[in-house]
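Q: Before anything else, here's the structure in question.
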Amino acid sequence: MTGTAPEPGPGGALAGIRVLDLTRYVAGPHATQIMGDFGADVVKVESLPGGDGTRYADTNAGAPDSMFWMTINRSKRSLALDLRSPEGLEVLTELVKSADVLIENFRPGVLEKMGFAWPRLQTLNPRLILARVSGFGQDGPWAGRASYDPVIQALSGIMELTGQPDGPPTVCGTIITDYLTALHAVIGVVTALQARERSGKGQWVDVSMLDGATSLLMTAIPEYLMLGRQRTRRGNKNPISVPSHSFECSDGRYVHLTAWTDGEFAKLSTAMAMPDLPRDPRFVDVASRRANDRAIETIVAGWMLQRDSVAAEDILLAHGLPAARVATIAEMVDSPQMKHRGHIRDVEHPLQGKIPVAGPAIRFSEHPIPERLETPVLGQHSAEVLRDWLGLDDAAIDALSAAGTVETGPPESARTT
């Protein structure tokens, strides 16, 4: 299958692409999940014993696997392999020969120590795409430094920009740099696959969490390098758009409003029954409103406090303004838009049943996402992957299992239907 263009069809836009997944934790697994959702045959190679550590991150869904695991590891097959043994590394070598993509997120140098430096991988499979995901990239003085998402938020400047002006630097409410890195990894892999269609050659893709995180900083970098300004925390205010803030209402809930353009400000003035505001010298244009941001925000804040959040949102939306109540997770899940789109999907686990998660965020007219999404038990697909990718028979697979080189999942009788 390696080296042939995937055929279009119901199997997904990436049908026919084989992805050998050596990733763990979040950024790498989320990237391969996206590729699996889109039809790639993703084989997650989990090192024995235990497999990916996120299988044990929480007990919210019961045993054996965590809820955290299930949110980032659907649409894959699990091969449990002893990567410390020569036999396990030999199996991995053969899998590399059959893969279109090898993706890993070890610290730089680990893949080389395992015997899979890029020159050898090119020899084994000249069309292979090697995607390398790490905190700081494959080179530079920080290349070997340990990292997790909060560390990258701290080093990138994101944490310095997050929080209230009189408060401490604050971590975002989600692992934003992990998820962003996953998206960059997918973009890199798909781009390299497209380039391979023209050149016939594979290549490596180096994805740095820190590099990606700095792409979220908007104008903070040129503001410093060109103007000497160091941006810091502004709370929920936007440094460019005025008014743009989260305003408290009479019920203690918040409505976020952005009315940046002159047209939007005119609509806001009408919505608040203050039609003369656009003629006030302090607010006649965008620049004036920026210079007098506190004045206009005080006016809007007073208007918001006179009504509850539902009423305020209804009035603003009726005037075509970009505004929304700050939703709770419960309100988001129950919203009519989410229900209409069917974005919350059940992931099937063979032992633990259904887990509701956010589904694939991209849709295709010609390649619908499968209705049934599944996440595997450790080693659930070991035997079938060895048959499908390497052509091994039952005797050879049994020998590898008996030697402890591979581990298979629970018997069919133990699984839910």
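Q: Of all alpha-carbon pairs in segment 366-406, indicate the percentage at a distance above 14 angstrom.
A: So the portion of pairs separated by more than 14 Å is 58 percent.
Q: Taking 30 Å as R0, compute the FRET efficiency from the Cβ-Cβ separation of Arg363 and Val326 and round it to 0.05.
A: Details: r = 27 Å, r/R0 = 0.90.
Given R0 = 30 Å and the Cβ-Cβ separation, E is 0.65.
Q: Run the dipole for the chain about the Cα centre, Lys and Arg Cβ at +1, Asp and Glu Cβ at -1, nothing else charged, and hand back the magnitude in debye, nearest 20.
A: About 1000 debye.
Q: How large is the charge dipole for segment 87-215, taken about the Cα centre, if only the Cβ atoms of Lys, Arg (+1) and Asp, Glu (-1) carry charge, to the nearest 20 debye? Please report the intermediate quantities before stating the final value.
A: On the way: 10 positive and 14 negative charges, 98 e Å.
Here the size comes out at about 480 debye.
Q: Say we join alpha carbon atoms closer than 10 Å with springs in a Gaussian network model of the chain; which of Ala361, Ala399, Ala330 then has the biggest fluctuation?
A: In this elastic network of the chain, the residue with the biggest mean-square fluctuation among Ala361, Ala399, Ala330 is Ala330.
Q: Over all alpha-carbon pairs of the chain, lay out the pair-distance distribution in 10 Å bins, whole %, shortest bin first.
A: 4, 18, 25, 22, 15, 10, 4, 1, 0
Q: Ok, one more. Where both partners of a DSSP beta bridge lie in the chain, what percent of those bridges are antiparallel, to the nearest 5?
A: 40 percent
Q: Top mean-square fluctuation among Met67, Met159, Met332, Gaussian network model of the chain, C-alpha springs under 10 Å?
A: Result: Met332 has the largest fluctuation of those listed.
Q: Next question. Specify the residue with the greatest mean-square fluctuation among Thr232, Thr123, Thr405, computed from a Gaussian network of the chain linking alpha-carbon atoms under 10 Å apart.
A: Highest fluctuation among the options: Thr123.
Q: While we're looking at this one, here's another question. Quick check: the angle from helix 262-271's long axis to the longest principal axis of the chain, C-alpha only, nearest 10 degrees?
A: Around 70 degrees separate the two axes.
Q: Let me ask another. For the chain, what does the relative contact order come out to in percent, with C-alpha contacts under 8 Å and a separation of six or more?
A: 18 percent
Q: Could you give the Stokes-Einstein D for segment 246-322 in µm² per second, using the C-alpha Kirkwood radius, 20 °C, 1.002 mPa s?
A: My calculation gives 173 µm²/s for D.
Q: What's the FRET efficiency of Thr219 with Gln194 using the Cβ-Cβ distance as r and R₀ = 22 Å, to the nearest 0.05?
A: Once the sixth-power term is evaluated, E becomes 0.10.
Q: Right, something else. I need the trypsin sites (Lys or Arg not before Pro) found in segment 265-366, filtered to DSSP loop residues with at most 14 other beta carbons within 10 Å of theirs.
A: Working: sites: Lys267, Arg279, Arg282, Arg289, Arg290, Arg294, Arg307, Arg325, Lys339, Arg341, Arg345, Lys354, Arg363; in loops: Arg282, Arg307, Arg363.
Passing sites in segment 265-366 are Arg282, Arg363.
Q: State which stretch of the chain is the longest one without any exposed GluC sites (Glu not before Pro), exposure meaning a DSSP loop state and at most 11 other Cβ atoms within 10 Å.
A: Longest site-free region, per DSSP loop and neighbour criteria: 1-365.
Q: Taking neighbour Cβ counts within 10 Å as the exposure measure, how do Ser365, Ser335, Ser147, Ser134 sort from fewest upward?
A: Final ranking by Cβ density, sparse to dense: Ser365, Ser335, Ser147, Ser134.
Q: OK, next. Just the Cα atoms of segment 331-377: what Rg and Dmax do they give in Å?
A: Reported Rg and Dmax, both Å: 12.1, 34.
Q: Obtain the nm distance between the two label points defined at Asp334 and Lys354 by a simple spin-label model: each point lies 7 Å from its Cα along the Cα-to-C-beta direction.
A: 1.9 nm
Q: Let me ask something additional. Taking a 23 Å limit on the Cα-Cα distance, which of the listed pairs Lys97/Lys201; Lys44/Lys113; Lys76/Lys339; Lys76/Lys113; Lys237/Lys267 fall beyond it?
A: Distance filter (> 23 Å) returns Lys76/Lys339; Lys76/Lys113.
Bear in mind that the values in this text are calculations on the coordinates, not laboratory data. No experiment lies behind these values; they were computed from the predicted model shown. Every residue, glycine among them, receives a Cβ derived from its backbone with ideal geometry; neighbour counts consider all protein chains shown.
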